[in-house]
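The values are calculated or read from the model by the stated rules, or taken from the named source; none is laboratory data. Bear in mind the structure is a predicted one, so any value in this text is a computation, not a measurement. For neighbour counting, all protein chains shown are included, and Cβ atoms are generated from backbone atoms with ideal geometry for every residue, glycine included. Please note that ligands, DNA and RNA were not included when accessible areas were found on the heavy atoms of the full protein model with its side chains. Shrake-Rupley method; radii C 1.70, N 1.55, O 1.52, S 1.80 Å.
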Amino acid sequence: MGLKEKIISDMTTAMKAKDANRLGTLRMVKAALMNEANKRGVGYELSDEEITKTLQSLVKQRKDSVEQYEN
């Protein structure tokens, strides 16, 4: 199972469990991945490596936001 399929599977699990925080986060991740794929061209499928880089970028953005908020 690839990363994209794992994210979708986790979204389904979160929906069934009514876990709003997890579901919101996974939806945000899925949207970011879709935006990244669309930047590269219509119908482009991201590899697991590209997905990992995109996720690392999202984590960095959130860490920077927390740091700015704390200052």
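Quick rundown of the values:
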{"quantity": "Residue 65 accessible area, assembled protein chains, probe 1.4 Å, Å²", "calculated": "70 Å²"}
{"quantity": "Per-residue [θ]222 nm for the chain (sum of -39500 (n - 2.57) over DSSP H runs n ≥ 4, rounded to 500)", "calculated": "-28500 deg cm²/dmol"}
{"quantity": "Given charges at beta-carbon only (K, R positive; D, E negative), |dipole| of the chain in Debye", "calculated": "240 debye"}
{"quantity": "The chain - percent of accessible surface contributed by carbon and sulfur, probe 1.4 Å", "calculated": "53 percent"}
{"quantity": "The chain: translational diffusion in µm²/s, Stokes-Einstein, Kirkwood Rh over Cα pairs, 10 °C, 1.306 mPa s", "calculated": "120 µm²/s"}
{"quantity": "Label-to-label distance, nm, for residues given as residue 55 and residue 20 (7 Å Cα→Cβ offset)", "calculated": "2.6 nm"}
{"quantity": "Probe 1.4 Å, accessible area per residue of the chain, Å²", "calculated": "80 Å²"}
{"quantity": "Simple label model, 7 Å out from Cα along Cβ direction - residue 42 to residue 65, nm", "calculated": "3.1 nm"}
{"quantity": "Kyte-Doolittle mean at least -1.0 and Cα axial length at least 27 Å: DSSP H helices in the chain", "calculated": "20-40"}
